Protein chains: 2
Amino acid sequence: MNEYLPGLAGVPATQSNISDIDGEKGLLSYRGYPIEQLTANSNFEETTLLLLDGCLPTTEVLADFDNKLRRNRRVQYHITDLMKTFPPSGHPMEMLQTAVSSLAMFYPSTVSGDASADDLEYIHNMSVKIIARMGTIVAMWQHIRHGYDPIEPRTDLTYAENFLYMFNGVEPDPLLAKILDVCLILHAEHTINASTFSVLVNGSTLASPYSVISAAIAALSGPLHGGANQKVLEMLEDIGSPDKADAYVEERLAKKEVIWGMGHREYKTKDPRATILEKMVDEFIEARGGAVNPLLETAKAVEKACDERLSHKGVYPNVDFYSGILYTEMGIPADQFTAIFAIARSAGWLAHWREQLDDNRIFRPTQVYTGKPPRDYVPLDQRK
Amino acid sequence: MNEYLPGLAGVPATQSNISDIDGEKGLLSYRGYPIEQLTANSNFEETTLLLLDGCLPTTEVLADFDNKLRRNRRVQYHITDLMKTFPPSGHPMEMLQTAVSSLAMFYPSTVSGDASADDLEYIHNMSVKIIARMGTIVAMWQHIRHGYDPIEPRTDLTYAENFLYMFNGVEPDPLLAKILDVCLILHAEHTINASTFSVLVNGSTLASPYSVISAAIAALSGPLHGGANQKVLEMLEDIGSPDKADAYVEERLAKKEVIWGMGHREYKTKDPRATILEKMVDEFIEARGGAVNPLLETAKAVEKACDERLSHKGVYPNVDFYSGILYTEMGIPADQFTAIFAIARSAGWLAHWREQLDDNRIFRPTQVYTGKPPRDYVPLDQRK
């Protein structure tokens, strides 16, 4: 008999061979490959295929996958028409959940869940289509919500380049495209958190993959899950300049308030993804000859102030600490940050969706009933 | 240390005082009140309030709630415009997931999750609005998908009456409206299944209630979860007439194939909801002087054939066995059945959403990692 643990904390809910975290050592690996090696050598397309298939692809397999990703970037104009009916104030995550859900109607699908070869090919094709369209939809919304027609995707660009092109309407800066590519790799997968768990639960009913990914976007939209990088950015803007970082951190800690972007439930050391991002930030500042957003200098001052006060407690910057500022440099507004997280995470979600279907059992946990014992109905006129 | 159990079968995932099932005795109760007493004495509106608040309301509280439900039936024409961009072939469940998700953009909301009095009132108001609009959206789609403008809701009708009025465009038959009301009560809540569990997981991130309910609709849309009453209807149409029921059942059992609508994971006896529905079927046949859909006679013949062969194994009709045929009598096509299930279940979902927020902890179970140990990245030109 299993014990009741709120939030299922520490309760194993699945067997998975997709990613692994060693929180003590600060290690994260996808399919066994350390995240540092993937960001140094791979790209988002290859890492996505690695997550989906379980192995690094050959030249031919990778080219075929990349080609499919590029060809599936376009969406029907019906979907543009649908998105034009959304209120311009609609939050990008709620927009994304709705638009992805609508794709289930435009592209009907059925999943047999019998793990046959046909099913596997189908699951793979659906995954490619969804991942390709996620970036398109997020970039489209940036134009549609401001009253402009979206920019058509291009097939001659990488995933990250095309996203920046569609988002900003200009040729993407190569260094920023490379940084975005690394950010996408870093956010692609992270074992079983609430949104990935939502994929397992919803996927286990054999619902359409669009329905399943739409539901995962719902989970990620919750302020307790996604959205921390937006908070970091707001905090840095609030601080204003590097010289005020020390006093700000001191005051927040005295009031026992959160410093956004610091600490992570899974890591006792610095989040390995933050280490990678911090290095990219330094390279970026150097490449630009220091002519960068002053928020970056403020961020570095906040990190230093926190390091002096918190590192002995095992509290270090997490992946959210630098990603928001880097997105700002790319011309991306803060309310779109979590949507970019969702684009990247769709790779991991669909890897988990496939893994769930491979040996599926519908989720039906039990409850500890704490309510009233059987009692008789009381007619309306006899109630007090 | 908890053991890994696929699908979390038998693993307690929450403490709940909303509903209880005694599978051995065939008992289902909402807030302690047996389902038989609720269907005999209550109505969907009162039962919904019972589920949300935990107690039977006074005359005043019930009148206020019912009034709110009626006033929130209308939706903005923006939502009608949005639904008109959906493909007419869109499945009602995918339509419903998308439309409910879109409401998050039209009616922005934030949940603090601090269980304060303000928050409780807010949660209650959101629940009323969502439950009121679920029926509206499902009925609207019936017209929009056929190219017609939807029918405006009325405030002088009960929930069940208004749904039938909006769906069919004529004054609802009182007996059928009463039957629908009972069906809504019977489907309103059923402890922690996949869709209700999805509410807990997604709700625990403090996502918008529209996002959370949209995600639950995704879970219910899966063929392993909702949709069995549609299968029952197709089976009955396939059998064709009562005299062929015996041979059909015999053949299916010989081939070890499923008889749709028979058996339920939770009940060792007849599903108590099926008993209630069967009685309603008999009353309905009598009221109509036998002039009813021949499928009803076929259903009774199938039940008899199954009773002779399966009841010693504890396999009896479940709630899906009769509900589909009754919906057919109401003029509702089979692909809308699960959407009606979703309308009813929104009451239970929102009761669980509120209960989750009352003592919230984000869901983050663990995984049993079965993948590769750390390994080095292999450059593309060195792969085999």
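Within the stretch B:98-135, the set of residues being modelled with pLDDT of 95 or more, more than 19 Å from the chain's Cα centre (by Cα) and among the hydroxyl-bearing types (Ser, Thr, Tyr) comprises just one member, B:SER102. Scanning the stretch B:159-167 turns up no residue that is at negative phi, surrounded by fewer than 22 Cβ atoms within 10 Å (Cβ to Cβ) and within 14 Å of chain A (Cβ to nearest Cβ).
If A:GLN367 passes every condition in (1) without any contact (Cβ under 8 Å) to a residue 12 or more places away in the chain; (2) within 30 Å of A:MET126 (Cα to Cα) but one, which one does it miss? Status for A:GLN367: all satisfied but (2). In this structure, does A:ILE259 turn out to be β-branched (Val, Ile, Thr), part of a loop (DSSP other than H, G, I, E, B) and under 29 Å from B:SER214 (Cβ atoms)? So A:ILE259 fails the test.
The set of residues in the stretch B:1-30 being at the interface with chain A (Cβ under 7 Å from one of its Cβ atoms) and under 18 Å from the mean Cα position of the chain (by Cα) consists of B:ILE18, B:ASP20, B:SER29. Every test in (1) among the small types (Gly, Ala, Ser); (2) in contact with a helix residue (DSSP H, G or I) (Cβ under 8 Å, 6 or more places away or on another chain); (3) surrounded by fewer than 22 Cβ atoms within 10 Å (Cβ to Cβ) is passed by B:GLY314 save one, and that test is (2). Residues that are within 11 Å of another protein chain (Cβ to nearest Cβ), more than 20 Å from the chain's Cα centre (by Cα) and closer than 27 Å to A:TRP141 by Cα do occur in the stretch A:63-76, at least one of them. Has the stretch A:190-212 got at least one residue that is polar (S, T, N, Q) and outside the structural domain of A:SER101 (by TED's automatic domain parsing)? No, there is no match, as no residue in the stretch A:190-212 is polar (S, T, N, Q) and outside the structural domain of A:SER101 (by TED's automatic domain parsing). For B:LEU200, the requirement of being more than 13 Å from the chain's Cα centre (by Cα) and more than 7 Å from chain A (Cβ to nearest Cβ) is met.
Each row is one residue, and each column tells you yes or no for (1) modelled with pLDDT of 95 or more; (2) touching a Lys or Arg at 6+ places or on another chain (Cβ under 9 Å).
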{"site": "B:GLU24", "(1), (2)": "no, yes"}
{"site": "B:THR39", "(1), (2)": "yes, yes"}
{"site": "B:ARG71", "(1), (2)": "yes, no"}
{"site": "B:PHE86", "(1), (2)": "yes, yes"}
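None of B:TYR316, B:TYR369, B:TYR322 is within 14 Å of another protein chain (Cβ to nearest Cβ) and of a type in the set (Phe, Trp, Tyr) except B:TYR369.
Would you confirm, using the coordinates I've provided, whether B:ALA254 is over 13 Å from the mean Cα position of the chain (by Cα) and either more than 10 Å from chain A (Cβ to nearest Cβ) or on the phi > 0 side of the Ramachandran plot (or both)? Yes; evaluated as a whole, the condition is true for this residue. When restricted to residues that are more than 9 Å from chain A (Cβ to nearest Cβ) and surrounded by fewer than 24 Cβ atoms within 10 Å (Cβ to Cβ), the stretch B:93-107 contains 1.
The values are calculated or read from the model by the stated rules, or taken from the named source; none is laboratory data. What you are looking at is a predicted structure, and each value in this text was computed from that prediction instead of being measured. Neighbour counts run over all protein chains shown; Cβ positions are idealised from the backbone, glycine included.
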